[in-house]
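The values are calculated or read from the model by the stated rules, or taken from the named source; none is laboratory data. Being a predicted model, the structure only gives us computed values, none of them experimental. In this analysis, Cβ positions are derived from the backbone assuming ideal geometry, glycine residues included, and neighbour counts consider all displayed protein chains. Heads up: the accessible areas ignore ligands, DNA and RNA and are worked out on the full protein's heavy atoms, side chains in. Shrake-Rupley method; radii C 1.70, N 1.55, O 1.52, S 1.80 Å.
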Amino acid sequence: MKLATWNVNGIRARQAELLAWVDQVQPDLLCLQEIKASPDQIPMFLCEMEGYWCYWHGEKGYSGVGLHVRKDLAPERPVFSHPSFDYENRIVTVELPELTVASVYVPNGGQDFRAKMQFLAALEHFVADRRAAPRALVLCGDLNIARTEMDVHPKERKPRAIGQLPEERAQLERIIAHNLIDVGRALEPENDQLFTWWAPWRNLRQRNIGWRLDYVLVSAPLFPRVISCTVQREFGTSDHAPVLVEFRPWAGPS
């Protein structure tokens with residue numbers, strides 16, 4: 001099973017790239033963030049991608065998430081929904097027989113840091129409530145926090161920069177502490193070049209001077225099924241790179 005997450009930074013600007021990438025990667029689960037479009041602004045060939053149950057959750061020009069499930073994985077349309085704390089179209093979940101998947105776009109916090117922390121606190125409650133649920137949880141997307149100093153290139157480390165603040169990192173740790181595994185870091189605990197976002201100037205992406213902001217967090221029982229986690233830094237024109245996780249053939253959470 002393949003799961004992919006990507007902050008596209010505007011689906012209309014990236015629609016051809018997305019279709020080419022989906023055709024190449026063939027993800028079973030596709031989580032998108034910052035689509036910046038309402039469903040009626042998305043072309044029909046993309047809004048209902050062939051072979052997928054598609055769910056778009058956005059408004060014109062700002063925020064928005066998508067979550068798409070391959071029909072081979074779910075023969076009938078699954079249930080998509082939004083937790084009560086959703087605002088600005090920032091989270092959508094889908095219930096599958098063995099797991100719950102959430103595509104999440106955490107606020108940046110630059111204009112309203114309090115709202116960011118409130119969203120993160122609510123996200124923690126969401127995760128905690130599912131800790132004892134029969135379905136495993138996969139939470140992925142742009143969390144807009146670099147988890148540790150290692151997750152920011154030395155040239156980009158700024159003690160008071162939003163995204164690197166101690167209170168944000170502490171809240172992210174509380175979320176992960178509810179029996180979740182940070183797949184990328186768990187597989188590469190010593191990799192100090194593992195970034196997913198680069199400011200769009202001075203060739204920072206080509207020089208790999210970035211931040212790790214995009215995550216795949218999975219319930220601990222799922223982690224032994226993980227084969228790989230890849231950041232596709234060379235792909236696309238978004239300021240974020242897609243992240244692709246591959247699991248061993250799916251047979252439940254244990």
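Tell me, what does the Kirkwood hydrodynamic radius of the stretch 168-254 come to in angstroms if you use every pair of distinct C-alpha atoms? If you can, show how the numbers build up before the last one.
On the way: mean 1/r = 0.0703 Å⁻¹.
Computed over the stretch 168-254, the radius equals 14.2 Å.
When only alpha-carbon atoms count, how far does the stretch 125-191 stretch along each of its three principal axes, as whole angstroms with the largest first?
Between the extreme Cα coordinates on each principal axis of the stretch 125-191 lie 44, 25, 17 Å.
With a 1.4 Å probe and every protein chain left in place, work out the accessible area per residue of the chain in Å², rounded to a whole number.
Roughly 44 Å² per residue, with all protein chains present.
So which lysines pass the test for residue 116, namely a Cα distance under 26 Å, with those fewer than 8 places away in the same chain ruled out?
36, 60, 155, 158
Provide Rg over Rh for the stretch 1-151; use the alpha carbon set for both Rg and the Kirkwood Rh (inverse mean inverse pair distance).
Computed over Cα atoms, the ratio is 0.95.
Once phi is turned into θ = phi - 60°, what whole-Hz ³J(HN,Hα) does the Karplus curve with 6.51, -1.76 and 1.60 give for every residue of the stretch 186-198, x standing for Gly and Pro?
Per-residue couplings from phi come out as 4, 7, 9, x, 10, 7, 8, 10, 8, 10, 10, 9, 9 Hz.
Can you work out the base-10 log of I(q)/I(0) for the stretch 79-149 at q = 0.19 1/Å, using the Debye formula on its C-alpha atoms alone?
So the normalised log intensities are -0.78.
What list of ³J(HN,Hα) couplings, whole Hz, do you get for the stretch 161-167 from phi and the Karplus terms 6.51, -1.76, 1.60, once you set θ to phi - 60° and write x for glycine and proline?
Values per residue, Gly and Pro as x: 7, 4, x, 10, 6, x, 5 Hz.
Sticking to Cα atoms, compute the Rg of the chain to one decimal and its Dmax as the biggest Cα-Cα distance, whole number, in Å.
In Å, with Rg to one decimal and Dmax whole: 16.8, 48.
Considering Cα pairs under 8 angstrom that are at least six residues apart, work out the relative contact order of the stretch 83-238 and quote it in whole percent.
23 percent
Quick one: dipole size for the stretch 1-133, taken about the Cα centre, charges +1 on Lys/Arg Cβ and -1 on Asp/Glu Cβ, in debye to the nearest 20.
About 280 debye.
Using a Cα-Cα cut-off of under 14 Å, which aspartates and glutamates could be cross-linked to residue 2, ignoring same-chain neighbours fewer than 8 residues away?
Straight-line reach from residue 2, under 14 Å: 23, 28, 72, 246.
Roughly how many percent of the accessible protein surface of the stretch 35-122 is carbon and sulfur, given a 1.4 Å probe and a whole-percent answer? Numbers along the way, then the final one.
Working: 2030 of 4060 Å².
Carbon-and-sulfur percentage of accessible area, whole number: 50.
How big is D for the stretch 104-254, in µm² s⁻¹ as a whole number, if Stokes-Einstein is applied with the Kirkwood radius of its Cα pairs at 25 °C and 0.890 mPa s?
Working: Rh = 16.1 Å.
Rounded, D is 153 µm²/s.
Is any residue of the stretch 187-214 close enough, with backbone N under 16 Å, to a label point placed 7 angstrom from the Cα of residue 155 along the Cα-Cβ axis, and if so, which?
Only 193-212 pass the distance filter.
Identify, among 101, 165, 87, the residue whose Cα sits farthest towards the positive end of the charge dipole of the chain, taking +1 on the Cβ of Lys and Arg and -1 on the Cβ of Asp and Glu, with the dipole about the Cα centre.
Toward the positive end, the furthest listed residue is 165.
Once label points are set 7 Å from the Cα along Cα→Cβ at both residue 122 and residue 201, what is their separation, rounded to one decimal in nm?
Label-label distance for residue 122 and residue 201, simple model: 3.3 nm.
What translational D, rounded to a whole number of µm²/s, comes out for the stretch 10-70 from Stokes-Einstein when the hydrodynamic radius is the Kirkwood one over Cα pairs, at 25 °C and 0.890 mPa s?
216 µm²/s
Provide the per-residue ³J(HN,Hα) series for the stretch 137-143, in order, calculated from phi with Karplus coefficients 6.51, -1.76, 1.60 and θ = phi - 60°, each as a whole number of Hz, with x at glycine and proline positions.
Rounded to whole hertz, the list is 10, 10, 10, 9, x, 8, 8.
Using only DSSP helix segments of four residues or longer, with each worth -39500 (n - 2.57), what per-residue ellipticity at 222 nm results for the chain after dividing by its residue count and rounding to 500? Numbers along the way, then the final one.
On the way: 6 runs with 56 residues, N = 254.
About -6500 deg cm²/dmol.
From the alpha carbon gyration tensor of the stretch 55-115, can you work out the equivalent ellipsoid semi-axes (sqrt of 5 times each eigenvalue) and give them in Å, largest to smallest?
Sorted largest first and rounded, they come to 26, 12, 8 Å.
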